[in-house]
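The structure under discussion appears below in the form of structure tokens.
Each reported figure results from applying straightforward, stated rules to the coordinates on display, with no laboratory input. Everything numeric in this text was worked out from a predicted model, so none of it was measured. Backbone-built Cβ (ideal geometry, glycine too); neighbour counts: all protein chains shown.
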Amino acid sequence: MELGPVVRFVEATGGSVASIRSDRLPVASTTMWTRSAHPDADEIPLRLHFEIKAALGFRHAVIVGHRTEVRRPSRVGDRIGSHQELRSVGALGPTPLGPGRRWEVDLVLTDADGDALQVETFTALGYRPEHRREGSTRQAADLTGGPGQDPSWSDRTIARAATACRVWAPVHHDPVVARRAGLPGVVACTQHLVSIIERSVGSLWAPGSMEALDVRLRRPVVAGPAPEVALDAGPGRRPARVSIRQAGALCCDATVLHR
């Protein structure tokens with residue numbers, strides 16, 4: 001791992017470079033090294049996810065849950081390897097985005113010795129937006145544009161963060177593609193939101209002590225009012241709970257455990 005891309009990742013997702021430690025890099029930045037720095041690369045990140053999506057016959061899918069289990073923090077100089085494992089596939093059923101089904105894929109991140117650094121579980125929802133219920137995305141669309149829009153949370157902000165995370169899916173960059181997928185506009189990528197959540201608990205515990213982070217993604221974070229982060233943390237080893245809201249609407253909530 002090199003420091004330069006991590007600095008760009010932290011800056012683009014709203015963090016302070018002064019917070020970076022070379023021996024305990026942000027947990028959210030480790031997965032960045034499994035993706036190419038160039039959008040036109042031949043390799044497909046999280047390939048198993050896309051293979052399942054195609055096998056099940058879905059054109060569109062979004063991440064609705066993300067869990068990270070940390071074995072040890074990554075550090076400058078680590079050589080990152082990875083492999084993917086299918087955890088589960090759910091049944092077809094109705095969803096707010098249209099008929100769909102869920103599946104879970106583990107992304108196992110390893111160091112040069114093959115020891116696990118962290119395991120990230122992505123819960124995806126494949127759906128068919130052409131059959132969604134009328135008005136099912138109306139509330140999400142209400143978050144975009146209008147007099148209350150914060151220029152710090154524009155389409156460009158979201159796309160810049162996705163670029164720093166090396167996430168090239170068009171729904172994070174192209175408003176037209178995002179709307180064709182039944183979304184209100186470009187949406188913040190999972191690593192962007194995980195970075196915000198990780199940063200919100202950074203002052204609570206010693207660096208590198210985070211053990212697990214479990215995020216439920218309830219609705220997209222889009223261009224519009226700046227997201228508001230709320231933290232509820234008790235004494236001792238009690239888990240911290242973090243929520244992100246935009247224009248008063250709950251977008252995601254998370255539980256964070258520490259050693």
Give me the extension gain from Ser203 to Lys53: residue separation times 0.36 nm, minus the current Cα-Cα distance, reported in nm with one decimal. 50.1 nm
Among His49, His83, what is the fewest-to-most ranking by other Cβ atoms within 10 Å? His83, His49
For the stretch 3-188, what does the relative contact order come out to in percent, with C-alpha contacts under 8 Å and a separation of six or more? 21 percent
Using the 10 angstrom Cβ neighbour count as an exposure proxy, how do Asp113, Asp106, Asp78 rank, fewest first? Asp113, Asp106, Asp78
Using the Kirkwood radius over Cα pairs, work out the Stokes-Einstein diffusion coefficient for the chain at 4 °C and 1.567 mPa s, in µm²/s as a whole number. 69 µm²/s
Counting only residues 5 or more places away or on other chains, whose amide H sits under 5 Å from the amide H of Gly100 once H atoms are built in the peptide plane? Gly93, Thr95
Would you calculate the volume per residue, in Å³, of the smallest convex hull containing every Cα atom of the stretch 1-125? 126 Å³
